[in-house]
Amino acid sequence: MSSSKGTEKNLNDFEVKRKAVKLVVAHLKKKVSREYMGIQYLIEWFEEMDALLEKEEFDIKEYYEMRKQLNSVIESTLDEEMRTKIRNSWYSFGKALDKKAKPY
């Protein structure tokens, strides 16, 4: 029974991470309030991220890969204001992946 309790904790940690990432993505979508050069890269990233969040299983490696891809989006964004907003979300994404469930 103790091994299943450990498994429950891991699942809870993953759910906490997933919810935190969903919040980061939702906030980033709200920040993108206008067209700018390079927005297509961010839109493509949103589409991939939404598909990942819909998956039943949680593979942390996929989330780290998406964070790396978001960094590439930052590099391809010429608009300084948008680059700053995306970079702030990139940082928040990392914080979300560090979240853990509260102990019982």
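Restricting attention to segment 46-80, the residues that are touching a residue at least 40 places away in the same chain (Cβ under 8 Å) and out of contact with any Phe, Trp or Tyr (no Cβ under 6 Å at 6 or more places or on another chain) add up to 4.
If the condition is being closer than 18 Å to Leu23 by Cβ and not in a helix (DSSP H, G or I), then segment 54-79 contributes Lys55, Phe58.
Scanning segment 25-44 for residues that are under 15 Å from Met82 (Cα atoms) and hydrophobic (A, V, I, L, M, F, W, C), we see that the one that is most open to solvent (accessible area, probe 1.4 Å) is Met37. If the condition is being of a type outside the set (A, V, I, L, M, F, W, C), open to solvent by 100 Å² or more (accessible area, probe 1.4 Å) and either in contact with a Cys (Cβ under 9 Å, 6 or more places away or on another chain) or at pLDDT below 80 (or both), then segment 3-24 contributes only Lys5.
The values are calculated or read from the model by the stated rules, or taken from the named source; none is laboratory data. None of these values were measured; they are calculated from a predicted model. For neighbour counting, all protein chains shown are included, and Cβ atoms are generated from backbone atoms with ideal geometry for every residue, glycine included. To get the accessible areas, we keep the full protein, side chains included, count just its heavy atoms, and leave off ligands, DNA and RNA. Shrake-Rupley method; radii C 1.70, N 1.55, O 1.52, S 1.80 Å.
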